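Nothing in this text is a laboratory measurement; each read-out follows from the coordinates by a stated rule. Keep in mind that this is a model prediction, so the values were computed, not measured. Positions of Cβ are backbone-derived with ideal geometry, glycine not excepted, and every protein chain shown enters the neighbour counts.
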Amino acid sequence: MDIIPLKLSVTNCFLVKTGDQYVLIDTGYEDDWDLFHTRLKEADVELFQISHIILTHHHDDHCGLLHNILLENYSIRVVMSHLCKDLIRKGENDRTHGGGLLNRRVALLMHLKRLYLSLILKKAIDKEKNLTFPPYQLRDCDILVTGDTGLRESGLPLDGKIIETPGHTVDSISILFDDGDSLMGGAAANFLRFAVTKYCVVFIYDMREYYRSWEKVIAAGARRIFPAHGGPFAVDKLKKNLWKNKAENIVSYK
Ligand SMILES: [Zn+2]
C-alpha cells in the first residue's frame, strides 16, 4: 500500500491514496495545525482531496486537529469505532476505564518532561491540559464501525479491514490492508524503547487486551506495522515481544 506518513510533533498520521483522493488516518494535537499544513504541502496534497478521516481512537494527539480540518473541508467523512463516539464528544482522554503508564521508567520520563517544560515555559504545566481536545459531535455523514469489518463494507474506497484492537483505549481500532501493511495507532508503538517499552505504547488501560489485540493483528496476516508513535517495523517484533510487559508494572496515572 502506498502509505504517506505525516510526521507531526508526537503523532504520525498517514495518508493513503485512492484514485485522486486520499484517506487520512488520525490527525494530531490541536497545536500541530501549522505543522500539519507544512506536511500536507510537502506531500503535495490539499485538504479538499481528503475524502475520509479514520480515527484509530479518541485521544488528544489523534483527534486534536479534527475540528480545524473539518472547518476547512466539511465534506470529509469521519470514520471511528462505535465506542469512540461518546468519548470524542467529551473532548478529553478517557479516564473512566482506569489504566496507567507502562512502567516506572515511563512514569519518570513523563514526570521529567513536565518538569522540563515548566522550566522552559516558566510556569507550572497542568497535567490535565494536554489530555483535552475540541469535543466532536458525530454528524449524519460520519461512519461508525462495529466489530472487525471490511474497509469497503464500511464505505471506504480501500481494500483491507478494520480490526478492533483495544488495550491502549477501549475504542482503539487498527487498519490492515490486503498487502499486510497495518496502521495500528496506539495499539503498538516504536517509541521510548530505552524505557523498556518493547513496542507497547506508554499508556495502557488493559495489558491483557493490549496483547490480545496484537495476537489478532498477527493472526490476520499483518507484515509491516505503522504505529502512530515511532517508525514502521516488521510484525516479527510484535511476535517476539508478546506478553513481555506485565500488568503489575503499570503505574497508576493519578
Ligand atoms: Zn492514544
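Below, the figures for the structure above:
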quantity	calculated
Residue order, fewest to most beta carbons within 10 Å, for Asp178, Asp61, Asp44	Asp44, Asp178, Asp61
Value of D in µm² per second that Stokes-Einstein yields for the chain, Kirkwood Rh from Cα pairs, at 10 °C (1.306 mPa s)	87
Links that overshoot a 31 Å alpha carbon limit, given the list Lys85/Lys240; Lys90/Lys240; Lys161/Lys239; Lys113/Lys244	Lys85/Lys240; Lys90/Lys240
Relative contact order of segment 9-55, defined on C-alpha pairs under 8 angstrom at six or more residues apart (%)	43
Counting DSSP beta bridges with both ends in the chain, the antiparallel % (nearest 5)	65
Theoretical ellipticity at 222 nm over the chain - DSSP helices of four or more residues, -39500 (n - 2.57) apiece, nearest 500	-7500 deg cm²/dmol
Relative contact order [Cα under 8 Å, 6+ residues apart], segment 84-229, whole percent	24
Cα pair distances of segment 125-254 binned at 5 Å [whole percent]	2, 10, 18, 22, 19, 14, 10, 5, 1
Span from the segment 214-236 Cα centroid across to the segment 12-72 one, whole angstrom	21
